[in-house]
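Worksheet: one structure, shown below.
Bear in mind these aren't lab numbers, they're just calculated from the coordinates by the rules spelled out. All values reported here derive from a predicted model rather than from experimental measurement. Cβ placement follows ideal geometry from the backbone for every residue including glycine, while neighbour counts extend to all protein chains displayed.
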Amino acid sequence: MLKTSAFIVSVLVWLIGSAWSQAIPQGYLLPEKTLSPDHRYGVLVPQPLPEPPHPVNQLIEVQTGRVLAEIIGNTGWTRMNHGAVLPTRWTKDSSVLFWQVDGKWGPISLVLVRIKNGEVLGQTDLYQEVVKAILTRTREARPQEYSQRKNDLGYGSAYPDGFTIDIYAEGEEGAPLTFPLKIHADLTSDPKGISEKPLTSYLDGTVDQEGKFTVTNFKLGAAEKLRQW
């Protein structure tokens, strides 16, 4: 009986692997950590070598290889400097995907993708919404310090207006995605901790299943190390 079960499992693994290989275009991988609970959907991740001509993250139907949508936001690669594609989080019914790409100081992509009957209903760029919310409130609270930081030169897209912003969502890796999803963001002008008076702030919010982000709390200063959700 055990040998029969093991054989069945090995056949299923081979069949799934064959389906994956047929669905993957050159220059991409389909990491297992991106698959939906029902294994119907997954996310294609480009490789640096060979680099595909149009390197984006694509949500696909695994069995057919059909592209449902290009995921908005910054692209996550199979290998990145100071970053990585994080394990995807899905609702139990595989109808909502929470896509995350990590960077040096925090995420560079946080996207909520809603799916129904094999079609994408919509996407929400949560990274941009959270960044905008905490920057706006910090600027209003400390306009002079904010303006000075923003006008400094030499900052790239990883430092919006010269700040680093770490964003994370409540929940454990491998656990089903549930709503409302609680979001927390930390902003600082000094990620290396060398300034005596850095400009810092933190923000809490929630996201509903339709992708609507609502701010529930904002304060200047560093957030408590142990947060009570």
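Using only C-alpha positions, report the orientation-averaged shadow area of the convex hull of the stretch 81-229, nm², one decimal. Let's see the in-between values first.
Values: hull surface 38.7 nm².
So the mean shadow area of the Cα hull is 9.7 nm².
What is the projected area of the convex hull of the Cα atoms of the stretch 99-153, averaged over all directions, in nm²? Don't skip to the answer; put the middle values down first.
Details: hull surface 20.7 nm².
Mean shadow area of the hull around the Cα atoms is 5.2 nm².
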Ordered by fewest other Cβ atoms within 10 Å, a rough proxy for footprinting exposure, Phe163, Phe179, Phe218 read Phe179, Phe218, Phe163
Return the inverse of the average 1/r over all pairs of distinct C-alpha atoms in the stretch 21-150, which is the Kirkwood hydrodynamic radius, in Å to one decimal. 15.8 Å
At q = 0.19, 0.21, 0.28 Å⁻¹, the log10 of I(q)/I(0) for the stretch 39-99 from a Debye sum over equal Cα scatterers comes to -0.75, -0.90, -1.35
Straight-line reach from Lys212: which lysines have Cα under 16 Å away, leaving out those fewer than 8 places along the same chain? Lys132, Lys182
